[in-house]
Ligand SMILES: C[S@@+](CC[C@H](N)C(=O)[O-])C[C@H]1O[C@@H](n2cnc3c(N)ncnc32)[C@H](O)[C@@H]1O
Ligand code: SF4
Ligand code: SF4
């Protein structure tokens, strides 16, 4: 679970054209007042909190003296801190603070130079300057051995066929610099206008992802987390998997606990479609996943998909028509990626979960767990099923074929 602390809400020094927080900005739901003690109290009220991540908008807009207060407290309490930034403001002073308070940086950038133009800073000149600052910050952090985790969002400005070779060269360079983790974001499309101007077609998305999957096999350090996720899901090794595969309830987003400047607890911003932060509900529900399992695909469901238990309709923030009850609008792309890695596993002699003849047993077990208001990884269910089938075998002395892990 990530505790995302947003002292300044969604205030930012950039105006990325695709930012999913723009709905909140257009609705005027921005503020700049925060109280550090109230935020600390809220953080400590979160069950099993182990650290927090400073988030935004842009977290480095918070005055340095207040960052110092938050990070020194975070260091004392949790021995570590983290933050998710666009990287444009990082300077020597910040680097010293990162070292002093063990701050693990996450940086968002969509590529070098013009490939990052959609992360807009007001004019083309300012945008290119801002991108250069982010690139410099990444280089500097690597030199200091504080390798940032990176987020790269894929869109028409950086991931069409004509961009792929430049992107691959860049990832190779990041790999050589020692970067180990890149999260690829499929663009969440905020409205139809941006869909037309920024979103890749399904085919382009598939092509870009497969190109990066192929590249990954040649890299030394760098891994794209979604490919690791998909490979783990296909063999049901899904403890601590990324939230987007974990039956997220949009009203509780159990993977993300937001804490606003006034201490208010909020959900992950990806579920906020109308610009208003919902208050966090107390009890998660898994109706979306029960409904998706039974609903035919032509009506926005996942019925009869052999990858359902792995994908689960993906992040509700990317649902068709921005309606969380539907499956993700990127269904075709995820299906193609699951199929790609499924084939790869089979060629290595491994039978993925999706090809198990008794997959339905696991599906039924998962549906029962969701119906009871709980949510556990497939791995845990398989362990339970195996235990039960061993007990049944022992008591009846009959052959029961267990699901293979
Ligand atoms: C909203 S930003 C906040 C933190 C910080 N300002 C940053 O840029 O990392 C968090 C991440 O969400 C990504 N993001 C924003 N809008 C998105 C969208 N429509 N689809 C996919 N990712 C998006 C950004 O690229 C960034 O990596
Ligand atoms: S830098 Fe981050 S918060 Fe700011 S506009 Fe871009 S994606 Fe949104
Ligand atoms: S809404 Fe999506 S990104 Fe946010 S916690 Fe849920 S699955 Fe994760």
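Based solely on its DSSP helices, what 222 nm [θ] is calculated for the chain when runs of n ≥ 4 H residues each add -39,500 (n - 2.57) and the sum is averaged over all residues, nearest 500 deg cm²/dmol? Write out the running numbers ahead of the final one.
Details: 14 runs with 166 residues, N = 405.
One gets -12500 deg cm²/dmol as the mean residue ellipticity at 222 nm.
Any number yet on Rg/Rh for segment 113-156, C-alpha, Kirkwood? Each step should come with its number before you reach the end.
Values: Rg = 11.6 Å, Rh = 11.4 Å.
Reported Rg/Rh (Cα atoms, Kirkwood Rh): 1.02.
When only Cα pairs under 8 Å and 6 or more residues apart are kept, what is the percent relative contact order across the chain?
Details: 685 pairs, mean separation 63.7, N = 405.
With pairs under 8 Å counted, the relative contact order is 16 percent.
Could you give the semi-axes, largest first, of the ellipsoid that matches the chain, computed as the square roots of 5 times the alpha carbon gyration tensor eigenvalues and rounded to whole Å? Can you show the working numbers first?
Values: eigenvalues 258, 129, 93 Å².
Taking √(5λ) for each Cα gyration eigenvalue gives 36, 25, 22 Å.
Using only the alpha-carbon atoms, how far is helix 359-371 inclined from the longest principal axis of the chain? Give it as 0 to 90 degrees, nearest 10.
60 degrees
Stick to the Cα atoms of segment 329-389, pair each with every other, and give me the Kirkwood hydrodynamic radius in Å at one decimal. Walk me through the numbers on the way to the answer.
Details: mean 1/r = 0.0752 Å⁻¹.
Roughly 13.3 Å, rounded to one decimal.
Among DSSP beta bridges whose residues both lie in the chain, state the antiparallel percentage, nearest 5. Walk me through the intermediate numbers first.
Working: 4 of 28 bridges.
Given both bridge residues lie in the chain, the antiparallel proportion sits at roughly 15 percent.
Taking a cut-off of 21 Å, what percent of all Cα-Cα pairs in segment 274-355 are separated by more than that?
Numbers: 1253 of 3321 pairs.
Of the Cα pairs, 38 percent sit more than 21 Å apart.
P(r) for segment 30-188: what percent of alpha-carbon pairs falls in each 5 Å bin, starting at zero?
Pairs per bin, as whole percents: 2, 8, 17, 20, 19, 14, 11, 6, 3, 1, 0.
Can you report the principal axis dimensions of segment 173-258 using only the alpha carbons, biggest first, rounded to whole angstrom?
39, 36, 26
Could you please rank 331, 168, 315, placing first whichever residue has the fewest other Cβ atoms within 10 Å of its Cβ? Please list the in-between numbers first.
Details: 331 21, 168 16, 315 24.
Fewest-to-most ranking of 331, 168, 315: 168, 331, 315.
Name the residue, out of 199, 380, 121, whose mean-square fluctuation peaks in a Gaussian network model built on the chain with Cα pairs under 10 Å.
Judging by the Gaussian network model, the answer is 380.
Shape call for segment 178-219 from the C-alpha gyration tensor, a ≥ b ≥ c root eigenvalues: rounded (a/c under 1.5), prolate (a/b greater than b/c) or oblate?
Values: a/c = 4.48, a/b = 1.98, b/c = 2.26.
Oblate shape, in that a/c is at least 1.5 and b/c is the bigger or equal ratio.
Quantify how much of the Cα-Cα distance distribution of segment 55-134 extends past 18 Å, in percent. Spell out each step's value before the answer.
Working: 1357 of 3160 pairs.
Tail fraction, whole percent: 43.
Could you tell me whether segment 103-184 comes out rounded, prolate or oblate from its Cα gyration tensor? Rule is a ≥ b ≥ c as square roots of the eigenvalues, rounded for a/c under 1.5, then prolate if a/b exceeds b/c, otherwise oblate. List each step's numbers first, then the result.
On the way: a/c = 1.91, a/b = 1.27, b/c = 1.51.
Taking the square roots of the gyration eigenvalues as a ≥ b ≥ c, segment 103-184 is oblate.
Equivalent-ellipsoid semi-axes (√(5λ), Cα gyration tensor) for segment 1-123, whole Å, largest first? Could you put the intermediate results ahead of the total?
Working: eigenvalues 125, 64, 32 Å².
Semi-axis lengths for segment 1-123 are 25, 18, 13 Å.
Could you compute how fast segment 214-338 diffuses translationally, taking Rh as the Kirkwood radius over C-alpha pairs and applying Stokes-Einstein at 10 °C with viscosity 1.306 mPa s? Give it in µm² per second.
On the way: Rh = 15.6 Å.
Approximately 101 µm²/s, per Stokes-Einstein.
Taking just the alpha carbons, could you work out the radius of gyration and Dmax for segment 310-354, both in angstroms?
Looking at segment 310-354, its Cα Rg and Dmax stand at 12.9, 40 Å.
In which sequence would 323, 257 go, from the one with the fewest C-beta neighbours within 10 Å to the one with the most?
Values: 323 10, 257 24.
Result, fewest neighbours first: 323, 257.
Which three numbers, in whole Å and largest first, are the semi-axes of the equivalent ellipsoid of segment 240-308 derived from its Cα gyration tensor as √(5λ)? Present the calculation step by step, with values, prior to reporting the outcome.
Details: eigenvalues 149, 32, 20 Å².
Output for segment 240-308: semi-axes of 27, 13, 10 Å.
With the chain treated as a Gaussian network of Cα nodes joined by springs under 10 Å, which of 219, 187, 115 yields the largest mean-square fluctuation?
Residue with maximal mean-square fluctuation among 219, 187, 115: 219.
Computed from the mean reciprocal separation of all distinct C-alpha pairs, what Kirkwood hydrodynamic radius does segment 255-405 have, in Å?
Values: mean 1/r = 0.0567 Å⁻¹.
Kirkwood hydrodynamic radius for segment 255-405: 17.6 Å.
Measuring from centroid to centroid over Cα atoms, what is the spacing of segment 17-57 and segment 289-348 in Å?
30 Å
Top mean-square fluctuation among 156, 104, 45, Gaussian network model of the chain, C-alpha springs under 10 Å?
Maximum fluctuation in the GNM of the chain, among the listed residues, is at 45.
From the P(r) of segment 3-66, can you give the percent of Cα pairs sitting at distances over 19 Å?
Details: 726 of 2016 pairs.
The proportion of pairs with Cα distances above 19 Å equals 36 percent.
Read-outs: derived from the displayed coordinates by stated rules, not from any lab. Fair warning: this is a prediction, and the values are worked out from it, not measured in the lab. Backbone-built Cβ (ideal geometry, glycine too); neighbour counts: all protein chains shown.
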